[in-house]
Ligand code: FUB
């Protein structure tokens, strides 16, 4: 478009003859929503039998006002998505798990993940229990699309949100999890949930930030094999990122993937809206901070996964293109690539 045409489009003439405030030029999105029939977010991608299965949150409209603890994310069930070929149609599965069928859970079925072992698919999901504490539950199925049957209790010793289960090349699996603010990590520092704890973080900007947790999974995939440890993220001087470093510190949305023998821990910075990553030599870390790899999207939050499929690496993420509302998100995917030194090329969710 010529500059004169852009200027004309940006100045809206009203009937009085006065000119309204200039408007921003329309945005061009890097990618389009995978589905528009339902709202989806927090996509965890896995390749099973050559097809890409996506385990997202299923966003719904609800009456609760938005707040900093995410009360407006009132999700009640999960639907699994399946893509058979890159760029092909996305199939939306039936309800895979409903909160009413989870004996211990009360509300807020947030970001899930899935894993496969010995003929069984495992769905890992956070939900609030009857006391308002987030726990991480498990449900199983013989079909990657579900339906899944929930275990009667959450994982023993689990707390907070956003489970991501990574299976290493040696077959050992690890769960990464946690989130601050509404994710309640700061209310679980003593080993039990404190309902009156801080609403945000530790309130100590110069101290090491709260961070994600990691625990090896027991061979049966339904229990932690150990007490969860901190996922330590170090800065360029080998010091843990601090609580006040909102552009870099962990907020939520853990993901682990491996590239060229290195372990890439990626996450969301929440209130500064970046997706960041840090690299380590083993699944426990420590991990050295490397940078942002996705700039802020439309909407307050995004949450992602990174998956190799059909010879390429894909970033799954979400924004609010379809609704314009933080609580009603849509899942997208785009290609992710690396520089020769193993750093991830920065992705802008808008085409400039
Ligand atoms: O979808 C609800 C919560 O919002 C997720 O658990 C977070 O990662 C954020 O996306």
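Residue check, residue 133 against (1) surrounded by fewer than 22 Cβ atoms within 10 Å (Cβ to Cβ); (2) closer than 17 Å to residue 45 by Cα; (3) within 16 Å of the ligand (Cβ to nearest atom), all met but one. Which one?
(2)
Assess whether residue 88 counts as being under 27 Å from residue 333 (Cβ atoms) and at pLDDT below 95.
no
Out of all the residues in the range 78-92, which are within 14 Å of the ligand (Cβ to nearest atom) and either at positive phi or surrounded by fewer than 16 Cβ atoms within 10 Å (Cβ to Cβ) (or both)?
none
Consider residue 204 carefully, then state whether it is more than 25 Å from residue 80 (Cβ to Cβ) and at pLDDT 95 or above.
Yes, satisfied.
Which one of 211, 200 is surrounded by fewer than 17 Cβ atoms within 10 Å (Cβ to Cβ), assigned to a loop (DSSP other than H, G, I, E, B), under 19 Å from the mean Cα position of the chain (by Cα) and in contact (Cβ under 8 Å) with a residue 12 or more places away in the chain?
Matching residue, one of 211, 200: 200.
Could you list, in sequence order, all residues of the range 311-335 that are farther than 15 Å from residue 34 by Cβ and crowded, with 22+ Cβ neighbours inside 10 Å?
Matches in the range 311-335: 327 only.
For the range 61-113, what are the residues that are part of a loop (DSSP other than H, G, I, E, B), more than 25 Å from residue 178 (Cβ to Cβ) and out of contact with any strand residue (DSSP E or B) (no Cβ under 6 Å at 6 or more places or on another chain)?
Once the filter is applied, which keeps residues that are part of a loop (DSSP other than H, G, I, E, B), more than 25 Å from residue 178 (Cβ to Cβ) and out of contact with any strand residue (DSSP E or B) (no Cβ under 6 Å at 6 or more places or on another chain), the range 61-113 yields 61, 63, 65, 85, 86, 87, 88, 89.
Determine if the range 137-150 includes at least one residue that is touching a strand residue (DSSP E or B) at 6+ places or on another chain (Cβ under 8 Å) and within 16 Å of the ligand (Cβ to nearest atom).
yes
Looking at 219, 163, 240, 152 in this structure, which one is buried (at least 17 other Cβ atoms within 10 Å of the Cβ), modelled with pLDDT of 95 or more and over 24 Å from residue 71 (Cα atoms)?
Checking each option against the conditions leaves just 240.
Looking at (1) in contact with a helix residue (DSSP H, G or I) (Cβ under 7 Å, 6 or more places away or on another chain); (2) assigned to a loop (DSSP other than H, G, I, E, B), find the lone condition where residue 153 falls short.
Among (1) in contact with a helix residue (DSSP H, G or I) (Cβ under 7 Å, 6 or more places away or on another chain); (2) assigned to a loop (DSSP other than H, G, I, E, B), the lone unmet condition for residue 153 is (1).
Across the range 163-182, what is the number of residues that are out of contact with any helix residue (DSSP H, G or I) (no Cβ under 7 Å at 6 or more places or on another chain) and within 16 Å of the ligand (Cβ to nearest atom)?
Qualifying residue count, the range 163-182: 7.
Got a sec? Which of 230, 247, 260 is more than 16 Å from the ligand (Cβ to nearest atom), surrounded by fewer than 17 Cβ atoms within 10 Å (Cβ to Cβ) and at negative phi?
Unique residue meeting the criteria: 247.
Considering only the range 272-281, state which residues are in contact with a strand residue (DSSP E or B) (Cβ under 8 Å, 6 or more places away or on another chain) and either outside any strand (DSSP E or B) or closer than 28 Å to residue 225 by Cβ (or both).
274, 276, 277, 278, 279, 280, 281
Does the range 119-129 contain at least one residue that is outside any strand (DSSP E or B) and in contact with a strand residue (DSSP E or B) (Cβ under 9 Å, 6 or more places away or on another chain)?
No; the residues of the range 119-129 include none that is outside any strand (DSSP E or B) and in contact with a strand residue (DSSP E or B) (Cβ under 9 Å, 6 or more places away or on another chain).
Could you list, ordered by first residue, the pairs with Cβ atoms under 6 Å in which the first is in the range 341-352 and within 18 Å of residue 302 (Cα to Cα) and the second is modelled with pLDDT under 95 and assigned to a loop (DSSP other than H, G, I, E, B), at least 6 apart or interchain?
Sorted first by the residue in the range 341-352, then by its partner, the pairs are 350/27.
Only residues that are surrounded by 18 or more Cβ atoms within 10 Å (Cβ to Cβ) and either touching a helix residue (DSSP H, G or I) at 6+ places or on another chain (Cβ under 7 Å) or over 16 Å from residue 178 (Cβ atoms) (or both): list them for the range 263-274, please.
Residues satisfying the conditions are 263, 264, 270, 273, 274.
Would you mind telling me which numbered condition in (1) buried (at least 16 other Cβ atoms within 10 Å of the Cβ); (2) on the phi < 0 side of the Ramachandran plot; (3) not in a loop (DSSP other than H, G, I, E, B) residue 284 fails?
(3)
The values are calculated or read from the model by the stated rules, or taken from the named source; none is laboratory data. For clarity, every value in this text was computed on a predicted model and none was experimentally measured. Neighbour counts run over all protein chains shown; Cβ positions are idealised from the backbone, glycine included.
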